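Here is the structure we will look at.
The values are calculated or read from the model by the stated rules, or taken from the named source; none is laboratory data. Bear in mind the structure is a predicted one, so any value in this text is a computation, not a measurement. Counting neighbours? That spans all protein chains shown, and the Cβs are built from the backbone with ideal geometry, glycine included. Protein only, heavy atoms only, side chains kept; ligands, DNA and RNA dropped before computing areas. Shrake-Rupley method; radii C 1.70, N 1.55, O 1.52, S 1.80 Å.
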There are 2 protein chains.
Amino acid sequence: MEVLTEENINPAFKRIKYEVRGWLEDRSHEIRQELARGDVKPFSEVVIHFGNPQGMGQPPITFFRQVLALLLCPELLNDPGFPQDAKNRAKRILNDMVGHTISSYTSTQGINVVRQDIAHFISQRDGYPAVYEDILLTNGGSEAIEVMMGVVQTGTQDGRGRAGVMIPVPGYGMYKSRLLQHNSYQILYRLDEEKNWALNVTELKRALEEARPHCVPRGLVLINPGNPTGQVLTYENIQEVIKFCAREKLVLFADEVYQDNIHADGAQFYSCKKVLRDLEAEYSEFQLISLHSSAKGCAGECGLRGGYMELVGLSDQVKSRIKTYLSARSCPSTIGQVIMGLVCNPPRPDEESYERFSKERTIIQDSYKKKAKLTTEILNSMEGVKCNEVAGAMYAFPRITLSQRAIEEAKVQGIPPDEFYCWQVLEKTGSYLIPGRAFDMNGSGNHFYFRITILPSEDKFIPMFERLKTFHQDL
Amino acid sequence: MEVLTEENINPAFKRIKYEVRGWLEDRSHEIRQELARGDVKPFSEVVIHFGNPQGMGQPPITFFRQVLALLLCPELLNDPGFPQDAKNRAKRILNDMVGHTISSYTSTQGINVVRQDIAHFISQRDGYPAVYEDILLTNGGSEAIEVMMGVVQTGTQDGRGRAGVMIPVPGYGMYKSRLLQHNSYQILYRLDEEKNWALNVTELKRALEEARPHCVPRGLVLINPGNPTGQVLTYENIQEVIKFCAREKLVLFADEVYQDNIHADGAQFYSCKKVLRDLEAEYSEFQLISLHSSAKGCAGECGLRGGYMELVGLSDQVKSRIKTYLSARSCPSTIGQVIMGLVCNPPRPDEESYERFSKERTIIQDSYKKKAKLTTEILNSMEGVKCNEVAGAMYAFPRITLSQRAIEEAKVQGIPPDEFYCWQVLEKTGSYLIPGRAFDMNGSGNHFYFRITILPSEDKFIPMFERLKTFHQDL
């Protein structure tokens, strides 16, 4: 009678892996429940080291939340407690919605005024025009990744016809997950740990040439600032990558969700679009899809699922195909759309809410700066730990040296050493760190990796690191 | 230099079609803009006949929106203007979120208390237990459809290994769209127009047997109440379908998003789960995935993208595969999750907001009843139009007889007659009706179909139908 089974389920469902959300995440939720029911542990709270800023203490930007509340309860438009500029924003959105309600389906691409705000933001950021027709709103950055990794699939899943996409190691597991779904080929290129996790063209070339017999290379994923690595790429490095993609006929997929998270002195974010447009006219047909999200930066609105893609250099036909593909999800969340638009168009200096917004943003940014610096310092002060500077994003990705005893114990438990380490950290300190292997850095010899965020609020930050340091020394 | 082209794009992106959102939708948005800039037309507003209740005038349920506003602006928890029960709901949700904020990522499956509310709702509705572990929250109903049509794909796209899914004709185009994406086989079964669009087991058997040489049949989609057809299935009809699926080893996919939209006297909604559980123990291993949405019913919250799936009779392994597949989108929108939970757990009679909620719901339901009846009557009063009773959902799907002249004119324009009819209706009356072919009912001879909603608000309802009637007579 059983129809759908482990044996006959769609193989794509079996191929997918997303190791950031595996058994350790489940265990961390269990421990939360154990604490809630009164179990005594050497910590009072579980800290899940996802890129989940508000969940770890970052306050929301008041203006953004006000606009959303006004959209959901338009009677608040008469409440003198809400600032006029927030009301104006809400009215402008409602005016663009069918039936003037946030409850309406939008077009597949998203709300027009939101797309216009995003295009304006990109133009201002880069100094080059962006048009709203090339902006597609998505349910978080992850839906953009679904589209990017899907659109280059060739349909021929074997031998030379199979699509290949270059992805960084270490790199955000979502790219791998979607490539596995499509049975596309993962062309893994190594970031240069010795050069602060930069991209190295010689290594790109090596990875590409080794992959050629197995696939048709179609694209390259660049994550800047880096996840899980926290680096900010230089202008020259991005330019080299663009030239490499042009030579090798690859679409460039630019994951720029951390563009507002720049912490190190002297570091600066350059978008791939800007670096591309600075190049000669011969690059005018270069193909680039870049993505941004509301989940990071000073907004940190993860659960609301805002995101957008900008499609650069694609033909009208290809753009139309992507639109039709997305139409099968009707439209992205209107709340997600609005928050993405607000991130790109926060209060302007001449607006009532600017001062409050500006103060809130400064507090968040200053805190990031401080914690990024501290994270690098504390990690490097730990025995057998080496960590590049956290220049941007929300993460450090230290290399750790494990004792032979720890490696043996992991073997006894039947789990890889880095997973064993993170599991023990979770049980003994309450921090869920992500093992390096979730980013394809399995480690070797007695060297392993984990990802830790810089996100815990300042009062919890030092105690968290102290627990980790004590655990690390004991191990 | 062009890398990604119409020729080499992923063929799945080329196969997908979703004809509800095609050029006529684009044209309807254009006409809205033409009206906005002052163009004179024989109507003052474009009415897009999507299942978009609030966009067409249905008011929101105040309590639902209050809870959402409280979640987004927790300082409103101190506002005496908000009722205490709404505040309690908001606090209960926040308490279950990482960091007590609606901004956090949730687990892939969704917020626990929301899943518990939904399981409780199903148990009460059916009189049989439901457990929250089997509830997965989704970004609207459409994400559940993506999973359902995806999970049964076999991976063998040709010949006998290809998966086949039985879908109704006429039927909601999203199912077809996802089957096209996977290159799965569409086993089209005809609803019985003469029997108020019921399912006929002889027809199911015919469709299945004809399809067998082309595919491995894996599932059957049942939409109840019907889209685009507005029927409400009888208990006996659902039971026959369950027995058919059991005999033929098919997973039953139950699209029950219109379960709260029952208008005709004597009509009653029976869930597939209930009818299944009423059967003997031999059906205990029957596999069923049912879906619900926040977009319909008296909530009508389309843009917020709330939805859930209940997985019935699936093994732990299969459930785990589905969860992992969904983890690649991180988590569904938290706002969508909450609204879906509220739809399943509205104010209870002992709560402060119950009276207001109950009044608002009654007004909406009474209006639906009235408009459903009027729609059936008016359509049947038109020359050459025949329409089954709108017993549930939000739609009528009349059969129209077109004049030879109209058919010829469509031919001259190079578009199918039903599309021509809907285009002319749009240009001349401002209503965007959906041609039958978007639901796989292409018509034949001089008989064609369209879908119209019963959603326009009462003040606009009669004028809309008068414009349509005049147009129809002129044609």
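Figures for the structure shown
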| quantity | calculated |
| --- | --- |
| Among the residues listed as A:GLN287, A:GLN231, A:GLN268, the single one being in contact with a strand residue (DSSP E or B) (Cβ under 9 Å, 6 or more places away or on another chain) and open to solvent by 10 Å² or more (accessible area, probe 1.4 Å) | A:GLN268 |
| Any hit, the stretch A:32-40, residues being touching a strand residue (DSSP E or B) at 6+ places or on another chain (Cβ under 6 Å), open to solvent by 10 Å² or more (accessible area, probe 1.4 Å) and within 29 Å of A:ARG21 (Cβ to Cβ) | no |
| The listed residue being modelled with pLDDT under 95, surrounded by fewer than 22 Cβ atoms within 10 Å (Cβ to Cβ) and closer than 16 Å to B:PRO398 by Cβ, out of B:SER457, B:SER444 | B:SER444 |
| Residue within the stretch B:330-347 that is at pLDDT below 95, at the interface with chain A (Cβ under 7 Å from one of its Cβ atoms) and closer than 30 Å to A:CYS331 by Cβ present | yes |
| Odd one out for B:LEU76 among (1) over 24 Å from B:GLY141 (Cα atoms); (2) more than 9 Å from every other protein chain (Cβ to nearest Cβ); (3) open to solvent by less than 20 Å² (accessible area, probe 1.4 Å); (4) at pLDDT 95 or above | (2) |
| Selected residue (criterion: nearest to the other protein chains (Cβ to nearest Cβ)) from residues of the stretch B:149-166 that are at pLDDT 90 or above and open to solvent by 10 Å² or more (accessible area, probe 1.4 Å) | B:GLN153 |
| Qualifying residue in the stretch A:377-389 (condition: within 14 Å of chain B (Cβ to nearest Cβ), of a type in the set (Lys, Arg) and within 24 Å of the chain's Cα centre (by Cα)) | no |
| Unmet criterion (only one of (1) in a helix (DSSP H, G or I); (2) open to solvent by 10 Å² or more (accessible area, probe 1.4 Å); (3) within 14 Å of another protein chain (Cβ to nearest Cβ)) for B:GLU203 | (3) |
| Tally of residues being open to solvent by less than 10 Å² (accessible area, probe 1.4 Å) and either in contact with a Gly (Cβ under 7 Å, 6 or more places away or on another chain) or among the aromatic types (Phe, Trp, Tyr) (or both) across the stretch B:55-73 | 2 |
| Flag for A:GLU19 being within 11 Å of chain B (Cβ to nearest Cβ), under 19 Å from the mean Cα position of the chain (by Cα) and open to solvent by 60 Å² or more (accessible area, probe 1.4 Å) | yes |
| Residues satisfying the stated conditions in the stretch A:301-323, i.e. facing chain B (nearest Cβ under 7 Å), closer than 17 Å to A:SER333 by Cα and touching a helix residue (DSSP H, G or I) at 6+ places or on another chain (Cβ under 6 Å) | A:GLU301, A:GLY303, A:LEU304, A:ARG305 |
| Residues within the stretch A:90-100 that are in a helix (DSSP H, G or I) and either open to solvent by less than 20 Å² (accessible area, probe 1.4 Å) or under 20 Å from B:ASN52 (Cβ atoms) (or both), tallied | 7 |
| Subset of the stretch B:241-264 (residues that are among the acidic types (Asp, Glu) and either surrounded by 21 or more Cβ atoms within 10 Å (Cβ to Cβ) or over 22 Å from B:VAL152 (Cβ atoms) (or both)) | B:ASP255, B:GLU256, B:ASP260 |
| Filter result for A:TYR308 (within 30 Å of B:LYS176 (Cβ to Cβ), open to solvent by 10 Å² or more (accessible area, probe 1.4 Å) and not β-branched (Val, Ile, Thr)) | no |
| B:ILE48 vs. criteria crowded, with 22+ Cβ neighbours inside 10 Å, of a type in the set (Val, Ile, Thr) and within 28 Å of B:GLY141 (Cβ to Cβ) | yes |
| Residue in the stretch A:79-89 that is farthest from the other protein chains (Cβ to nearest Cβ), counting only those that are among the charged types (D, E, K, R) and assigned to a helix (DSSP H, G or I) | A:ASP85 |
| Residue check for B:ILE335: out of contact with any strand residue (DSSP E or B) (no Cβ under 7 Å at 6 or more places or on another chain), open to solvent by 20 Å² or more (accessible area, probe 1.4 Å) and in contact (Cβ under 8 Å) with a residue 12 or more places away in the chain | no |
| Enumeration of residues in the stretch A:26-73 that are in a loop (DSSP other than H, G, I, E, B) and within 11 Å of another protein chain (Cβ to nearest Cβ) | A:GLU45, A:VAL46, A:PHE50, A:GLY51, A:ASN52, A:PRO53, A:GLY57, A:GLN58, A:PRO59, A:PRO60, A:ILE61, A:CYS73 |
| Checklist (1) under 23 Å from B:GLY219 (Cβ atoms); (2) within 14 Å of chain A (Cβ to nearest Cβ); (3) at pLDDT 95 or above; (4) assigned to a loop (DSSP other than H, G, I, E, B) applied to B:GLY110, failing item | (1) |
| Boolean, A:TYR105 is facing chain B (nearest Cβ under 10 Å), surrounded by 20 or more Cβ atoms within 10 Å (Cβ to Cβ), among the hydroxyl-bearing types (Ser, Thr, Tyr) and under 30 Å from B:GLY313 (Cα atoms) | no |
| Complete set of residues in the stretch B:5-57 that are at positive phi and without any contact (Cβ under 8 Å) to a residue 12 or more places away in the chain | B:GLY38 |
| Single residue of the stretch B:290-300 satisfying the filter (more than 12 Å from every other protein chain (Cβ to nearest Cβ) and in contact with a strand residue (DSSP E or B) (Cβ under 7 Å, 6 or more places away or on another chain)) that is surrounded by the most Cβ atoms within 10 Å (Cβ to Cβ) | B:HIS292 |
